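All remarks here apply to the structure that follows.
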Amino acid sequence: MMRNQLRAYGTEEPSPSRNSFGLQDEDDLRTLTIKNQFANSFQLLKYGKVVCLFLLIVLCFLFVFYGVNVKEFSPSVSAALFFLSLLTIPLVGGWASEYAGDVVTHEDNAALSMLSSLLIEHSSEFAFFLFIVVMGEERFACYVRTVMIGSILLHLLLVLGVSVVFTPMAEDQTVFGLQMLGSFGEGMRFCLILFMFPTLYEYMIAIPDFERSADTTTPLKQEQNVLLISRLLCACALPAYLLYLVNTIRSRYFDADGRLHFPTNWWYALTYYHTVHSREGIARGAHSEPRFTRSVALWGFSIFQTIEVLLCGVVACTLLPAARACALPLPFVLVVLIPLSFNAGELASSFLFSREGRVDMGASIAFHCMIDMVMWVMPVVVLFAWTMGRSLDLSCHPYLVSVCFFSVMIVSTEGSASRMRRLLGVMLLSLYALLVCTCLMGGWHLCQKKSYTKPTFHTTTQKKGK
């Protein structure tokens, strides 16, 4: 039986041997040069890492040739930097997670494993949001919350849909293995509260109040009310998230040595997939024995994580010029393109697990990542913006909130039976395709000034200069 067998599920895999991915004893690692250890990292996802290095070289060439002041770039150069950065971010993030996994293996600490997993999974969102907040862009709040709800919809519709559709099922349905669906359901409902409360208040109370009132202080008062509601919800979200972690910690996965693993980690998903398909798998799992020395793992993680953060800064700076240069509607960029880049690893992990019949692990990726973002990432960013003196509320576009509401209702209803049917996956993917088409149509009054301070809406298809 496979040594990194999942205890709670009793999965039986081929008995792997020791050296298929170049795993080494601690003493053997000290004899390897840095060059040899770097070469060892190419034994998994070799072509993806070659493409990653090529894209990094191209980006460096553009910065050397055109300078480092992104705001002075022409629209075409900004568009090139934007799309190249979006392509490179998931590759660099996967490489960073590989080194981070090795650091955790050296420490052999469950708390460190949890912390590193949570930070690495959402480092792109954190970096992008913080860059947007610090840059002082007038419409920064709209960018942050729109990308956030776009990421939530991506996990709820695309990641979960891919997991269900591509999982081999008997009689067109499969038993959903996780026993903690109640906690997932509570987290999803909290997601609705976090976005629906401020949105409903603004569109059903604040705007009508402004239209009825002749008092010039009404807009400022209503804006402060929306901010207060958002900050109170975020302050409640963090302790609720701690309780959620306590309640769902047992739904995490342990190998035969008792080490804690997180299926959302792209590196873990990739090694799991290769182990299953190799007669000479990993003797004790990719996380059970280090592949790099401690210093190389730390330096590798630091370097690639720094590169990922810088690339997120490039995306934040070139977002608007790239959208204008390519005539892309802003909703499509914020709701679809950027979340796809930031969460490509989770999407790929879900697909790999689903191909092995592990709909439980694939679905847990969608649920965990969605709840982590809405109950941890977003509250931290809102409270950070508050400390920076910036006004960041959670009043999102009503259409996106409505799509999120219907998606949560569909998933909660189907999941309550503890079974996943292929029809559910097709339905979720169809809804996401519909969302993408709607974003491409444009015509949204998105990321304009607050409705109750400027009641005349403008669409995203307006001419330049207006």
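A Cβ distance below 6 Å, combined with a sequence gap of six or more or placement on separate chains, defines the contacts here; from region 416-445, residues that are within 17 Å of VAL159 (Cβ to Cβ) reach residues that are loosely packed, with under 13 Cβ neighbours inside 10 Å and at pLDDT below 90 in the pairs ARG422/ASP172. Of the residues ALA348, ALA363, the single one that is of a type outside the set (S, T, N, Q), at pLDDT 85 or above and not in a loop (DSSP other than H, G, I, E, B) is ALA348.
For (1) of a type outside the set (Asp, Glu); (2) at pLDDT below 70; (3) surrounded by fewer than 23 Cβ atoms within 10 Å (Cβ to Cβ), each residue gets a yes or a no:
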site: MET135; (1), (2), (3): yes, no, yes
site: VAL159; (1), (2), (3): yes, no, no
site: SER163; (1), (2), (3): yes, no, no
site: PHE176; (1), (2), (3): yes, yes, yes
site: PHE190; (1), (2), (3): yes, no, yes
site: TYR201; (1), (2), (3): yes, no, yes
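The residue that is farthest from GLU121 (Cα to Cα), counting only those in region 339-361 that are touching a Gly at 6+ places or on another chain (Cβ under 7 Å) and not acidic (Asp, Glu), is SER354. For region 318-352, give me each residue that is charged (D, E, K, R) and either buried (at least 22 other Cβ atoms within 10 Å of the Cβ) or within 25 Å of LEU157 (Cα to Cα) (or both). If the condition is that a residue be charged (D, E, K, R) and either buried (at least 22 other Cβ atoms within 10 Å of the Cβ) or within 25 Å of LEU157 (Cα to Cα) (or both), then GLU346 is the only one that fits. Among the residues of region 359-373, are any farther than 22 Å from TYR241 by Cβ and of a type in the set (A, V, I, L, M, F, W, C)? Scanning region 359-373 turns up at least one residue that is farther than 22 Å from TYR241 by Cβ and of a type in the set (A, V, I, L, M, F, W, C).
Given the criterion surrounded by fewer than 18 Cβ atoms within 10 Å (Cβ to Cβ), closer than 25 Å to ARG291 by Cα and without any contact (Cβ under 8 Å) to a residue 24 or more places away in the chain, identify the matching residue among LEU56, LEU112. Reasoning before the result, please.
Values: LEU56 fails: without any contact (Cβ under 8 Å) to a residue 24 or more places away in the chain.
Just a single option satisfies the conditions, and that option is LEU112.
Each row is one residue, and each column tells you yes or no for (1) in contact with a Lys or Arg (Cβ under 9 Å, 6 or more places away or on another chain); (2) at pLDDT 90 or above; (3) surrounded by fewer than 21 Cβ atoms within 10 Å (Cβ to Cβ).
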site: HIS274; (1), (2), (3): no, no, yes
site: ARG291; (1), (2), (3): no, no, no
site: GLY300; (1), (2), (3): no, no, no
site: ALA316; (1), (2), (3): no, yes, no
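For region 383-392, indicate whether the set of residues that are touching a residue at least 12 places away in the same chain (Cβ under 8 Å), crowded, with 21+ Cβ neighbours inside 10 Å and in a loop (DSSP other than H, G, I, E, B) is non-empty. So far as region 383-392 goes, yes, one or more of its residues are touching a residue at least 12 places away in the same chain (Cβ under 8 Å), crowded, with 21+ Cβ neighbours inside 10 Å and in a loop (DSSP other than H, G, I, E, B). Go over the candidates LEU400, LEU440, LEU435, LEU428 one by one and state the one that is buried (at least 22 other Cβ atoms within 10 Å of the Cβ), modelled with pLDDT of 85 or more and more than 27 Å from CYS234 (Cβ to Cβ). That would be LEU428, the only listed residue that is buried (at least 22 other Cβ atoms within 10 Å of the Cβ), modelled with pLDDT of 85 or more and more than 27 Å from CYS234 (Cβ to Cβ). Can you find even one residue in region 302-309 that is over 19 Å from the mean Cα position of the chain (by Cα) and either at pLDDT below 85 or under 17 Å from VAL104 (Cα atoms) (or both)? Yes.
The values are calculated or read from the model by the stated rules, or taken from the named source; none is laboratory data. The shown structure was predicted, so the numbers you read here are calculated from the model rather than taken from an experiment. All Cβ positions, even for glycine, are placed from backbone atoms using ideal geometry, and neighbour counts span all protein chains on display.
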